[in-house]
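Only one structure is covered here, and it is reproduced in the block below.
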Amino acid sequence: MKAEQNKEDNFSDIYGNAAEKLDVHYSYTTARKLEAFRSDRILGYKTAGSEAEKNAGDFLCEEMRRIGLITEKHAVTVDGWEFKGATLTYMNRDGKKTVRLGGYQTHFRADSLQTELVYAGKGTEKDFAGLDVKGKIALIRINQRDEWWINYPAYQAHLAGAIAVIAVQDKGYGEVDPKALNAQDICGIPEAAAFSMSKADMTDILGAMKNGRISVTVTADSQVRKNVTAYNITGILPGKTSQMIAVSAHYDSYFCGFEDDNTGVSMMLSLARALVRSGYTPEKTLVFVAFAAEEWGRTDSRYDWSAGAWAEMSQNVNDWRGRMIVDINLELPAIAHGKKHCIRSVYEYKNFLRGILRQPFCADENYPDGADVVCPVQTWSDDFSMAVSGVPSLVNDFTSGSFMETHYHSQFDDDRFYNEKIYMFHHRLYLGLLLSFDRCVLPPLDFSSRIYKMLRSVRKDMCDEKVYGNFLRAAETAAQTAEELYTAISEINASSLPEERAGAAAAVLLDAFMFCEKNFVALDWYEKSVFPHETAQKNIEYMTKALAALRDKDADGAKNALIEVDDNSYAEAFDRTVTARFSAKALTDTGSWGSGRITGHIDLFDVIRSLLAKRKDPDACFTAETYRLVAETESERKNLGRLIESETDRLNALNAKLKNAIITVGSLNSWK
């Protein structure tokens, strides 16, 4: 007990000394300096593999040296994009007008190209039917948050012969101002070119159009290149043991990227600077890493973002796996995201983090509802790539609040939304998290959190009784073993055991974590992290609802249910060639963080189209559709059974790993 108290007192002193050295003004000015690196001299953009990104990386490397870190540039291979700007010129009632366009990661170069701009609604199959866009540019409205991603209408336009689309956000993103441009990853082919335009400019152009068309002149320089070299920039503060901790943020950006993610990068540097200036010698080696190519980095892939972090872990450029106990990732930390601060974490660190959040430095008046931990990490930031590569990760959750709908990925992502008090709180909080992990002898992994969550997610009513019973026993057994292991880990972490003796035990724990990520992390068709059985359960639920609607002769009700099955929501708006292409790309993807994580596919395109054709016919017969859905539902029940049986086997294997870990951790007691 005395040793535990001494450890707490020691932590308080270390944290206090380092916190005094935090300098939020340094962070702010560094974030502003990063705005100077840009491909488009007006709008910004330091994109994957671009000259602007490389120059920003050199700046960060030099800044890490000035702080006092040992610097390394890790070369990784990604697909690169250089966007040097785009404009569109047309005639309105006041004469010639030129507007600036935002870019998507597609290939389009033109110098004063004269063509036509054709209004194409939302860019669906029906919108392009009978519309002559061959050799022309299609102007479309799009809501990427609530309807579909840009790759679908862009490819539909490409098939219709359009040389490009110009997309205007119709709600979803860029809602801060009618002049807002927007940019997102494309998830499509470079040849299906796309740009963005503001609502204000679209309104003016529509007013100048005649019969939905207008002559325009386009100048653009957007180039995609495969297999270019980008650089992840690392600054190292050596520790006493073989274990490691990472603090990360990404330095590529759309537009100026002040919040996303210049402030994350500069906060990372500020944490390192405070630790160096406080004279702290870490127990574990601290790795401060600025990732390249987070916003994009792979052509023609469903999973085309977070390429730099994935490449760092998959291209054998480091020795982190098995040694790095956590990656603390930072995203948009200079604004508040709702009334409660949330740390988004892998399941295994939930309990440890909740314990830390009871510390005084975790409270702040700007978050009146306090702070909490949410699980799991999701695919929209680099922490997911790190987690599925075997490094337990967390990130300040940035998905609540209005910023994502208003300023995110637009030219309004600047310091006008900056909140110094929130930024300073995040500095203090994540400094405390970093030091808390550094003071752990062993990675504080509680595997029971994931197991219990998985157990609660299984629908007993959809399972064979024997299959469910086997799963239940395996889960409960593994959870009990996990709880025993976490108790042993916590006892070691409360002691004053020298950490250099704990490397082998940490490696065993991290191996068990990697096993969980490999075997229990799947993706649904909207890139959400789920357990392998969850998508099949959802499919069965909605196909059952569709069958009930068909019994009531409700074609609309059945259709509305079926668009919730896998990626069938696209069947209503886009033709078979478009939907089939992107389904196939997801199923066959290789070499990314999403590869092999989809657990099946049910293609209901023909059923949905049939229901749409019959929706207004009071005498319609739904025998064929019913027969098909009965067969698909039965097939999916079998798929669900196989998935749960596989999870059962993997839980038994995990239990064996955890038992071995208990023995390994227990052996440390002899060194006390």
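What follows is calculated from the coordinates using simple rules that are stated; it is not laboratory data. Computed from a predicted model, the values in this text were never measured in an experiment. Here the Cβ positions follow ideal geometry from the backbone for every residue, glycine too, while neighbour counts run over all protein chains shown.
Quickly estimate the mean residue ellipticity at 222 nm for the chain, helices only: each DSSP H run with n ≥ 4 gives -39500 (n - 2.57), and the total goes over all residues, rounded to 500. The partial results should precede the final answer.
Details: 20 runs with 281 residues, N = 672.
Taking each H run of at least 4 residues, the total per residue is -13500 deg cm²/dmol.
By counting other Cβ atoms within 10 Å of each Cβ, how are T234, T229, T477 ranked from fewest to most? Present the calculation step by step, with values, prior to reporting the outcome.
Details: T234 25, T229 12, T477 16.
Lowest to highest Cβ neighbour count: T229, T477, T234.
Place a +1 charge on the Cβ of each Lys and Arg in the range 84-223 and a -1 charge on the Cβ of each Asp and Glu, then give the dipole magnitude about the Cα centre in debye, rounded to the nearest 20. Please list the in-between numbers first.
Working: 17 positive and 16 negative charges, 71 e Å.
Dipole size: approximately 340 debye.
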message = How tilted is helix 24-34 with respect to the longest principal axis of the chain? Cα atoms for both, answer in degrees (0 to 90, nearest 10).
response = 40 degrees
ask   = If amide H atoms are built 1.01 Å from N in the plane of the peptide, which residues on other chains or at least 5 residues away come under 5 Å of the amide H of I166?
value = A138, L139, I140, F195
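What's the magnitude of the charge dipole for the chain around its Cα centre, counting Lys and Arg as +1 and Asp and Glu as -1 at the beta-carbon? Answer in Debye, nearest 20. Numbers along the way, then the final one.
Details: 80 positive and 95 negative charges, 68 e Å.
Dipole about the Cα centre, nearest 20: 320 debye.
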task = Work out the FRET efficiency for T487 and D372 from their Cβ-Cβ distance, taking R0 = 35 Å, and round it to the nearest 0.05.
result = 0.90
key: Leading residue at positive end of dipole, the range 1-157 (Cβ point charges), from A36, G68, T106   = T106
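Only Cα pairs under 8 Å and at least 6 apart count here; give the relative contact order of the range 84-223 as a rounded whole percent.
Relative contact order, the range 84-223: 39 percent.
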Neighbour-count order for E465, E625, E483, E125, fewest beta carbons within 10 angstrom listed first = E465, E483, E125, E625
key: Overall dimensions of the range 449-506 as given by Cα atoms, namely Rg and Dmax in Å   = 16.6, 50
remark   = Taking Cα pairs closer than 8 Å and at least 6 residues apart, the relative contact order of the chain in percent is 15 percent
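Using Stokes-Einstein with the Kirkwood hydrodynamic radius over Cα pairs, what translational diffusion coefficient do you get for the range 446-545 at 25 °C and a viscosity of 0.890 mPa s, in µm²/s rounded to a whole number? Before the final figure, lay out the partial values.
Working: Rh = 15.8 Å.
So the translational diffusion coefficient is about 155 µm²/s.
Take every Cα pair under 8 Å in the range 448-672 that's 6+ residues apart, average their separations, divide by the length, and report that relative contact order as a whole percent.
Values: 220 pairs, mean separation 76.4, N = 225.
Worked out over the range 448-672, it gives 34 percent.
How big is the antiparallel share of DSSP beta bridges in the range 84-223, given as a percent to the nearest 5?
Numbers: 22 of 35 bridges.
If we restrict to bridges inside the range 84-223, about 65 percent are antiparallel.
Could you calculate the FRET efficiency of R145 with N669 from 1/(1 + (r/R0)^6), where r is the beta carbon distance between them and R0 is 60 Å, rounded to 0.05?
Using R0 = 60 Å, I get an efficiency of 0.70.
What's the FRET efficiency of A36 with K460 using the Cβ-Cβ distance as r and R₀ = 51 Å, to the nearest 0.05?
Details: r = 58 Å, r/R0 = 1.14.
Calculated transfer efficiency: 0.30.
Using 0.36 nm per residue, how much length does the chain from R93 to A504 gain when fully extended, once their Cα-Cα distance is taken away? Could the numbers behind the result be given before it?
Details: separation 411, 0.36 × 411 = 147.96 nm, distance 7.46 nm.
Result: 140.5 nm gained on full extension.
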Whichever lysines have a C-alpha closer than 25 Å to that of K126, once near sequence neighbours (fewer than 8 apart) are set aside = K134, K136, K171, K199, K210, K559, K585, K614, K616
key: Value of D in µm² per second that Stokes-Einstein yields for the range 501-638, Kirkwood Rh from Cα pairs, at 10 °C (1.306 mPa s)   = 95 µm²/s
For the range 403-417 and the range 28-74, distance of Cα centres in Å = 20 Å
key: Cα long-axis angle, helix 2-20 against the chain (0 to 90 degrees, to the nearest 10)   = 50 degrees
ask   = Which links in K284/K340; K339/K421; K73/K240 stretch past 19 Å when you go from one Cα to the other?
value = K284/K340; K73/K240
Order of C516, C362 - criterion: other Cβ atoms within 10 Å of each residue's Cβ, fewest first = C362, C516
query = Near K518, which lysines are there with a Cα under 20 Å away, not counting those fewer than 8 places off in the same chain?
reply = K350, K453, K528, K657, K659
inquiry  = Order 386-395, 72-81 from most to least packed using the mean count of other Cβ atoms within 10 Å.
reply    = 386-395, 72-81
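Roughly speaking, what is the stretch gain from A584 to T219, that is 0.36 nm per residue apart minus the C-alpha to C-alpha distance, in nm to one decimal?
Using 0.36 nm per residue and subtracting the Cα-Cα distance, I get 128.0 nm.
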inquiry  = Under 5 Å between amide hydrogens, which residues at least 5 positions from G85 or on another chain qualify, with H placed 1.01 Å from N in the peptide plane?
reply    = D221
query = What label, among [x] 0.99; [y] 1.10; [z] 0.97, belongs to Rg/Rh (Cα atoms, Kirkwood Rh) computed from the structure on display?
reply = [x]
task = Could you calculate the contour length gain from A208 to Q480, that is, 0.36 nm times the residue separation minus the distance between their Cα atoms, to one decimal place in nm?
result = 91.0 nm
request  = Write down the percent of antiparallel bridges among all DSSP beta bridges whose residues are both part of the chain, to the nearest 5.
outcome  = 60 percent
message = Using amide H atoms built in the peptide plane, which far-off residues or other-chain residues are under 5 Å from T71 H to H?
response = I236
